[in-house]
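A short write-up of the structure that comes next.
The values are calculated or read from the model by the stated rules, or taken from the named source; none is laboratory data. Computed from a predicted structure; not experimentally measured. Note: ideal-geometry Cβ built from the backbone for every residue, glycine included; neighbour counts use all protein chains shown. Just the protein is used for accessible areas: all its heavy atoms, side chains included, with ligands, DNA and RNA removed. Shrake-Rupley method; radii C 1.70, N 1.55, O 1.52, S 1.80 Å.
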Amino acid sequence: MIGLVIVSHSARLAEGICELAAQVGQGRVRLAAAGGTSDPEQPFGTDAFKVLEAIESVSGGGVLIFMDLGSAVLSAETALEMLPEDRRAQVRLCPGPVVEAAVAAASLAAAGAPFEEIAAAARLPPETEAFRPPPEAFERRVRVANPLGLHARPAARLVRLARRFDARVSVENLTRRRGPADASHIGGLLELGARAGDELAIHASGREAPAALDALARFLAEGGGEAGRPAVPTVPEGAHEGDLRGIPASPGIAIGPLVRLRPAVSGGAAPSAGDPEAERLRLEKAIEAARQETRALHEWAVAHAGEDEAGIFDAQLLFLEDERLLEEASRLVREARRPAEAAFEAAARELAGRLAALDDEYLRSRAADVADAAGRVLRGLTGVSAPESLDRPAILAAPDLTPSDLKELGARRLLGLCLEASGPGAHSVILARAMGIPAVVGLGPLLARVSEGTTVALDGETGAVWIAPTENQVRKLEQRRERWLAGRTAAEQERLKPAVTRDGRRIRVVANIGSVEAAAEAVASGAEGVGVLRTEFLFLGRAEPPGEDEQAAAYRAVADCLQGRPLVIRTLDIGGDKPAGYASPGGEPNPFLGLRGLRLSLLRRDLLRTQLRAILRAAEDYPVAALLPMVSSVGEVRQVRRELEGLCRGPAALPKLGVMIEVPAAVAMARELAREADFFSLGTNDLAQYVMAADRTNPHVAALADPLEPAVLRMVHQAALSAREAGIDVTFCGELAADPLAAAVLVGLGIDEFSVSPPAIAGLKQAIRSASAAEGECLARRALALDSAAAVRRLLAAR
Ligand code: PEP
Ligand code: MG
């Protein structure tokens, strides 16, 4: 039996058409209405997710989709893209007058016509009394210039323009052979389905026909009021305003005076090529000072943006320790007798230049890191100051920005960022995002013409930028900013409250941390405990491993900050990309497949026992559990359990023992592991890389390690199911949980505890509160059936 889906801006209209078609279809068609939105405050509109549901509810045979106005087509197309390819082949979109086409299709179905015949008939606009231009009309041809075609807004403007003239005007889409449509009615214009580049014929008759033709042709040729705006694929429909359009990089609305980044000011010390030995010492001192500054920046970033984002400064520290860079700078001082600053600048520029020349966004952003880190050394050598901090709340315009500039500028006064060059993946932009500063990037040199102090507004979700907005625009933008801030404030204010889905499922939110200091931050951010204490911070960057006392003191300090909340201490996870010289063998051809995590601990029992003893000591007074990273077999867990039992005073003092599910073998053996473990922790940062066989630190393949790949989601689902069957808890601790879009689907996959970095907690709790577990389950079912991470993202975005 064929299925008909009616997509309309109005729920009642969609249902009414279904009733009509059901009457005609005499029980030989399945019908589903996908009308209106799910937003009670704005019920009129269309929703791809609803369309998808409707398609699924009538699936079985072929499905025809009928749509009313412009965005109904978009929603239907989006829903179609979300269907797996084999099902998509059985679905057809039927543009044209929705009532007539649906009724015609239903009557053909009732008469027993085959699907293809019905589809063909339904796609041809049925014969209606089409608008015909009078024979004496003038004609003008023009191509649609704006990238998004004649969608609702330009069509509405066109109608208003046409109505100004004493003339009868019609428009015909010659490219798609649709129309003509009366230009004074929006419906007909939208049905022309005019896309960018389509050729239109405008006919006009009456007293002002020539003037009307001129005006309309110019309006269309100039882009229907939208010319000059590049099509940004990520911009949601409904946001095509603004004077400039850049790449949306950090959500939120900002309005304020434009201020340019003041260049660093020279301290006037002219570089001089003195005694090479003195220059070498000067260079060493400046590098050491820059390292210290970078460590301080790291701490600042941990406090403002969280540990993951602060990793940017870890990378910079590595550049400042890069032997090739340092050797080259020393060589230039020694052999070419260059002053320290010139030598270091040349060596750093060479390294940055090599990276910047690569055709790869990720590596290019590394070049910016080299320049940022090198800038710190050079400032130390030349006495040049950091950029001036803002003296009033403002929107900053700059060609580009480094992560350290962001700190110097003073986050409190920085209302928003307009960058000419950076991409959304630049580290300063990642930091801005984590700090909640709205940003639009990739604006090109257009901003250079705007003078300082001009009021500027930006929408970091759509990429729109307004220069000197009108009073009316400012009022509207301020209302939007207030709504956005209120949402954020509400999330912040509610951060300490539990997260419960709309349909009453309580989801716990705990924190991933990697230092003692971060524990207090976690509690203040609303964490209900710590889900992963990454203990590597105690082991890295030193010549000897920490002893039992040092470790026990650190674990107790963290537990103390948590004030009775649970603490999960993960045993050492070095190896892979985090080698520790005293423990890792080095020289492994595939370090991520080598002696990493638990494998190393089992080889170095001395390290394991010391750490377990320290954990046991903390567990004497606090609710502490141990967690094992990189588990790939049941035997490994048994070995640790034996060690724990051997070290423990008695079974009553045994802390819970958890297993990280982060390699495919652990998923395959999840049932068996669930018998050995007290809980699971799903680490999709690693699971994604091991499932997809794509090293997460290798820029050439890292994008493949996408945790939204259905392959990864299926693994998450399987592991969560095994945990549930065995009656053990399961926490999701991969970074994916910090993406509010993903919360509902993860809840639907059976997750009831998340562990994320502290700055993500408020947003995640808010996302959970706005989701329902039932809807999450429905989303999860769909996501698991999709065939790519991109399709899953579309599904989540459509929601
Ligand atoms: C993970 O792999 O998802 C995880 C949380 O661990 P890490 O990122 O520390 O490897
Ligand atoms: Mg991991």
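Table: residues versus (1) over 21 Å from the mean Cα position of the chain (by Cα); (2) surrounded by fewer than 17 Cβ atoms within 10 Å (Cβ to Cβ).
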| site | (1), (2) |
| --- | --- |
| G436 | no, no |
| V450 | yes, no |
| Q493 | yes, yes |
| P498 | yes, yes |
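Within the stretch 309-337, work out how many residues are assigned to a helix (DSSP H, G or I), surrounded by 13 or more Cβ atoms within 10 Å (Cβ to Cβ) and more than 26 Å from the chain's Cα centre (by Cα). Qualifying residue count, the stretch 309-337: 12.
Could you list, in sequence order, the residues of the stretch 554-572 that are surrounded by fewer than 17 Cβ atoms within 10 Å (Cβ to Cβ) and part of a helix (DSSP H, G or I)?
Taking the stretch 554-572 and keeping what is surrounded by fewer than 17 Cβ atoms within 10 Å (Cβ to Cβ), we get 557, 560, 563-564.
If the condition is that a residue be surrounded by fewer than 17 Cβ atoms within 10 Å (Cβ to Cβ) and part of a helix (DSSP H, G or I), then A557, D560 are the ones that fit.
Quick check: anything in the stretch 581-594 of a type in the set (A, V, I, L, M), within 26 Å of V510 (Cβ to Cβ), crowded, with 17+ Cβ neighbours inside 10 Å and in contact with a helix residue (DSSP H, G or I) (Cβ under 8 Å, 6 or more places away or on another chain)? Within the stretch 581-594, none of the residues are of a type in the set (A, V, I, L, M), within 26 Å of V510 (Cβ to Cβ), crowded, with 17+ Cβ neighbours inside 10 Å and in contact with a helix residue (DSSP H, G or I) (Cβ under 8 Å, 6 or more places away or on another chain). Restricting the stretch 710-743 to residues that are under 24 Å from A511 (Cα atoms) and of a type in the set (D, E, K, R) leaves a set whose member that is nearest to ligand 2 (Cβ to nearest atom) is E735.
Consider the stretch 630-669. How many of its residues are within 16 Å of ligand 1 (Cβ to nearest atom) and under 17 Å from I728 (Cβ atoms)?
Filtering the stretch 630-669 down to residues within 16 Å of ligand 1 (Cβ to nearest atom) leaves 630-632, 658-667.
Remaining after also requiring under 17 Å from I728 (Cβ atoms): 631, 658-662, 666-667.
Of the residues in the stretch 630-669, 8 are within 16 Å of ligand 1 (Cβ to nearest atom) and under 17 Å from I728 (Cβ atoms).
Kindly establish whether A665 is within 16 Å of ligand 2 (Cβ to nearest atom), part of a helix (DSSP H, G or I), open to solvent by 20 Å² or more (accessible area, probe 1.4 Å) and hydrophobic (A, V, I, L, M, F, W, C). It is true that A665 is within 16 Å of ligand 2 (Cβ to nearest atom), part of a helix (DSSP H, G or I), open to solvent by 20 Å² or more (accessible area, probe 1.4 Å) and hydrophobic (A, V, I, L, M, F, W, C). Taken over the stretch 635-662, residues that are assigned to a helix (DSSP H, G or I) and either at positive phi or open to solvent by 20 Å² or more (accessible area, probe 1.4 Å) (or both) amount to 13. Test A694 against the criterion of being free of Cβ contacts under 8 Å to residues at least 40 places away in the same chain, open to solvent by 40 Å² or more (accessible area, probe 1.4 Å), away from ligand 2 (no atom under 13 Å from the Cβ) and among the small types (G, A, S), and give yes or no. No: the conditions fail for A694.
Of all the numbered requirements in (1) more than 16 Å from ligand 2 (Cβ to nearest atom); (2) in a helix (DSSP H, G or I), A625 misses one, and that requirement is (2).
For L80, the conditions (1) surrounded by 20 or more Cβ atoms within 10 Å (Cβ to Cβ); (2) assigned to a helix (DSSP H, G or I) are fulfilled apart from (1).
Determine which member of the set R599, R609, R613 is within 16 Å of ligand 1 (Cβ to nearest atom), open to solvent by 20 Å² or more (accessible area, probe 1.4 Å), part of a helix (DSSP H, G or I) and in contact with a helix residue (DSSP H, G or I) (Cβ under 9 Å, 6 or more places away or on another chain).
Every option except R599 fails the conditions.
Among the residues of the stretch 506-520, those identified as surrounded by fewer than 22 Cβ atoms within 10 Å (Cβ to Cβ) and within 23 Å of R295 (Cα to Cα) are G514, S515, V516, E517, A520. The C-beta contact set for the stretch 331-350 (first residue under 13 Å from I287 (Cβ atoms), second residue of a type in the set (V, I, T), distance under 7 angstrom, 6+ apart or interchain) comprises A340/V333; E341/T382; A343/V333; F344/V377; A348/V370.
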